[in-house]
Amino acid sequence: MSQVFLSLGSNMGNRASYLDQAVQGLKQLPATQLLAISPIYETNAWGKTDQADFLNLCLAIDTDLSPQDLLHHTQALELSLGRERHEHWGPRTVDIDILLYGQDVVQEENLTLPHPLMQERAFVLVPLADIAPTIQHPIFLKSIAELLEEVNAEGVRAVNQ
């Protein structure tokens, strides 16, 4: 089994419900076990900023699925929850990104691991640091906590649950 970290986000409709449905769907993946889930954070939109704020969380799983099989399952789950891909970084019911797949480095046409922008995104690093502060990024050779120290996290707000 490989330990994998995922980032989930939603900024359309009932954001908390979409995140919950995505987590429930991920729990049902074959050969996969949920290990940890972060608190939920509300965050400013990133990249394309003229849209609603997001709810974000990260989770850890153990899986026997290959990176490509996991990508296939996460994209199918997004579609089942109404995800439409109209514009890059546009609004979405749910977004599921594979951040880290063990210490693997993957460079394929449809998948890059570790996620190529995770080190720039406080909305990823804050919840990821809640569940895996000491995990090391396989390229930058820094812990998640160290990467978090290098970004501005003021737009990331804890949500009372």
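The values are calculated or read from the model by the stated rules, or taken from the named source; none is laboratory data. Fair warning: this is a prediction, and the values are worked out from it, not measured in the lab. A quick note on method: Cβ atoms are made from the backbone with ideal geometry, for glycine too, and the neighbour counts reach across all protein chains shown. Note: accessible area is taken over every heavy atom of the protein model, side chains too, but ligands, DNA and RNA are not part of it. Shrake-Rupley method; radii C 1.70, N 1.55, O 1.52, S 1.80 Å.
For this structure, a couple of remarks:
- DSSP loop trypsin sites (Lys or Arg not before Pro) with at most 15 other Cβ within 10 Å excluded, longest remaining stretch of the chain: 86-141
- In percent, rounded to a whole number, the relative contact order of region 2-158 is 29, using alpha-carbon pairs under 8 Å and six or more apart.
- Loop sites by DSSP among the GluC sites (Glu not before Pro) of the chain, restricted to those with at most 15 other Cβ atoms within 10 angstrom, leave 1-83 as the longest stretch without any of them.
- Accessible area per residue in Å² at 1.4 Å probe, computed on the chain: 50
- Considering only Cα atoms, the convex hull volume of region 2-158 works out to 102 Å³ per residue.
- Cα-centre dipole for region 2-158 with unit charges at Cβ (Lys and Arg positive, Asp and Glu negative), debye to 20: 280
- Dipole of the chain, positive end: most advanced residue of 158, 127, 7 [Cβ charges, Cα centre]: 158
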